[in-house]
Amino acid sequence: MKVYSCELEFRSYLTTPVPSYTLFGALCWSVRFLFGQEKLNEVLQLSNRGEILISSLMPVLNGRKQFFKPILEPKPLTEEDREKLRLGDNTQFRSFLKKFKKLEFIPFKILKKVLDGQVTSDRELALEVKDIVKNTNNRPYTTLSIPHANINRITGSTSEGGTLYFGETLGATADRYFFLIGAKDENLILDIIKPALKLLEDWGFGGNRSIGFGSFKLKRWCRELEVETYVQNRSSTLITLSKTLPTKNIEFEKSFYQIETFRGTVDSGFFNRLWKDKTLYIKEGSYLILKENEPVEIPGKLWKVFNDLNVYQHGKAFPLFVKGAVKDGKRP
């Protein structure tokens, strides 16, 4: 499995943070436009088998790539920990805990300690990120209030009144953003995915693309050798960097994760607006323990939404495997 990171700068606003299923869907439409339905079918099949992986979008803050904070076993901080954190009174302690809970991203050097088995609980993680929690003012997005024209529901125009309403929008505040993409066949990334991404520079991705939202500039495309080792060396435990559909090979009673619901639509630029069924997703950063399978299978799936249409919802995990004894991708 070869892993590349794609760094980009946004040239416009966003409606929401960009999850893996939005990136994958946009790339699929671009592949279909450039290379045809047959090549798209190949990409879908490879994705369902775990031979193409894609993460959600993550920020680059102060020149460092940030990864989703892992969800680890909850353990309370002790009085000794409070002394290490130099939190004198209860007010400072509660403030620290709130900031730690809200922290979404951490540098790879800290995530690596989790992947190497050196940090195993959120108590230990809190001690590792104490300086980030105390000092950081950087957030990957800021919330803005943007005016929109009210459309008269009867006339379909703004002529009757012409009033405005204000909707919440995200502004990109990080230096850059990036996502990871992996594939067994490196040529597939370079010859198919990269050209498809270039086309998306002007198309954009996410909501409100028709008014210019989600437009970006591709800045850097590079191999991620260090991350690659944690994708290749499989074990029974992983941290996912993408939104993942629950599958039977996950030991939910032993895992640490958060669930969210999502209901999307088929891209209205190509079909009439079709609502998909509501879906349960495992959030990025979840710490998943797999059932005893040989070889280790990547959890998640590509879900066929409609019986009579080839429309899919992406939900395959982008796994970073926690360090363990493995041999040829199998448990010993």
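General observations
- Looking only at region 54-81, and only at residues there that are among the charged types (D, E, K, R) and outside any loop (DSSP other than H, G, I, E, B), the one that is surrounded by the fewest Cβ atoms within 10 Å (Cβ to Cβ): GLU79
- Count of residues meeting criterion [surrounded by 16 or more Cβ atoms within 10 Å (Cβ to Cβ) and either modelled with pLDDT of 90 or more or touching a Cys at 6+ places or on another chain (Cβ under 8 Å) (or both)] in region 197-225: 3
- Pairs meeting the criteria (first residue in region 180-192 and farther than 21 Å from GLY36 by Cα, second residue among the charged types (D, E, K, R) and at pLDDT 90 or above, beta carbons under 9 Å, at least 6 apart or on different chains) are LEU180/GLU224; GLY182/LYS2; GLY182/GLU51; GLY182/GLU224; GLY182/GLU228; LYS184/LYS2; LYS184/GLU51.
- Residue count for region 286-304, restricted to those that are in a strand (DSSP E or B) and either over 16 Å from LYS316 (Cβ atoms) or among the hydroxyl-bearing types (Ser, Thr, Tyr) (or both): 2.
- Hey, ASN187 surrounded by fewer than 22 Cβ atoms within 10 Å (Cβ to Cβ) and at negative phi or not: yes
- Exactly one residue among LYS84, LYS134, LYS109 is outside any loop (DSSP other than H, G, I, E, B) and at pLDDT 85 or above, and that residue is LYS109.
- Meets criteria (modelled with pLDDT of 90 or more, more than 30 Å from THR142 (Cβ to Cβ), in a loop (DSSP other than H, G, I, E, B) and of a type outside the set (Ser, Thr, Tyr)) for GLU228: no
- Answer from SER236, SER242, SER255 - the residue that is crowded, with 21+ Cβ neighbours inside 10 Å, polar (S, T, N, Q), modelled with pLDDT of 90 or more and assigned by TED's automatic domain parsing to the domain that holds LEU27: SER242
- Of all residues in region 98-116, exactly one satisfies the criterion of being of a type in the set (Asp, Glu) and more than 22 Å from GLY63 (Cβ to Cβ), namely ASP116.
- Qualifying residue in region 91-102 (condition: free of Cβ contacts under 8 Å to residues at least 60 places away in the same chain, surrounded by 13 or more Cβ atoms within 10 Å (Cβ to Cβ) and of a type in the set (Lys, Arg)): yes
The values are calculated or read from the model by the stated rules, or taken from the named source; none is laboratory data. What you are looking at is a predicted structure, and each value in this text was computed from that prediction instead of being measured. Glycine also receives a Cβ, built like all others from the backbone with ideal geometry; neighbour counts cover every protein chain displayed.
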